[in-house]
Amino acid sequence: MLRFWEHGYAATSVRDLGQAMGLGAASLYNSFGDKHALFARCLDRYLDGNMRERIARLEATHAPRAAIETFLQEIVARSLADRRGCLLVNTALEVAPHDPAIGAIVAERLAELEGFLRRCVVAGQRAGSIARGRAARDLARLLLTTVMGLRVLARARPEPALLRGAMREALALLDPSTTSRDAARPARRH
């Protein structure tokens with residue numbers, strides 16, 4: 001998993017993988033099938049220990065609005081601490097456009113994240129901590145876009161003020177005092 005994460009799918013050879021795992025090519029193929037199958041398993045392992053773990057932890061321990069805020073705060077912190085980026089996002093950019101099977105895996109995993117965000121938005125709207133005048137599906141998709149954008153932006157411009165500012169503005173759209181009408185109004189120029 002670390003080889004794929006550090007070097008990307010295309011730049012990681014079967015030989016590199018065998019060396020990292022202490023396996024010859026034949027043993028690697030016998031154990032995992034091929035590079036593609038191994039990559040899919042590595043992506044799932046990465047997500048189990050990262051995204052899925054974080055979702056389960058936050059849903060179990062935080063109120064909906066706080067779960068979203070903490071998730072985004074953790075994304076910013078991880079993005080600033082680890083220049084490798086997110087293996088899921090890296091895969092979405094490098095592999096998914098050229099590989100329909102991996103593209104389907106990426107889409108499924110992004111749907112998991114969107115589902116978490118939507119559940120939080122719906123519960124937060126019921127509790128009054130998130131704006132009710134906005135479609136939960138659209139807010140969840142905006143937050144998903146924010147997560148992906150933060151991860152990509154951090155690779156090129158790992159600037160705390162930039163990432164935290166973008167995160168704050170996305171979270172501001174959840175504020176109960178903000179309505180769809182407010183968002184549609186053009187900003188006043190000062």
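Using R₀ = 22 Å, calculate the FRET efficiency as 1/(1 + (r/R₀)^6) where r is the Cβ-Cβ separation of Asp34 and Arg83; round to 0.05.
On the way: r = 29 Å, r/R0 = 1.32.
Efficiency at R0 = 22 Å is approximately 0.15.
Here the label points at His7 and Ala107, each 7 Å from Cα along the C-beta direction, are separated by 3.0 nm in the simple model. Note on Ala172 and Arg141: the extension gain reaches 9.7 nm, defined as 0.36 nm multiplied by sequence separation minus the Cα-Cα distance.
Work out the FRET efficiency for Asp16 and Arg57 from their Cβ-Cβ distance, taking R0 = 30 Å, and round it to the nearest 0.05.
Details: r = 33 Å, r/R0 = 1.09.
My answer for the efficiency is 0.35.
Can you list the equivalent-ellipsoid semi-axes of the chain, largest first and in whole Å, using the square root of 5 times each Cα gyration tensor eigenvalue?
Values: eigenvalues 262, 60, 40 Å².
Over the Cα atoms of the chain, the semi-axes work out to 36, 17, 14 Å.
Our note on the geometry: Cα centres of the range 113-162 and the range 1-70, 24 Å apart.
Full extension of the segment from Glu74 to Arg157, taken as 0.36 nm per residue of separation minus the current Cα-Cα distance, would add 28.2 nm.
Bear in mind these aren't lab numbers, they're just calculated from the coordinates by the rules spelled out. Worth saying up front: this structure is predicted, and the values here are computed from it rather than measured. Cβ coordinates were reconstructed from backbone atoms using ideal geometry, including for glycine residues, and neighbour counts include every protein chain displayed.
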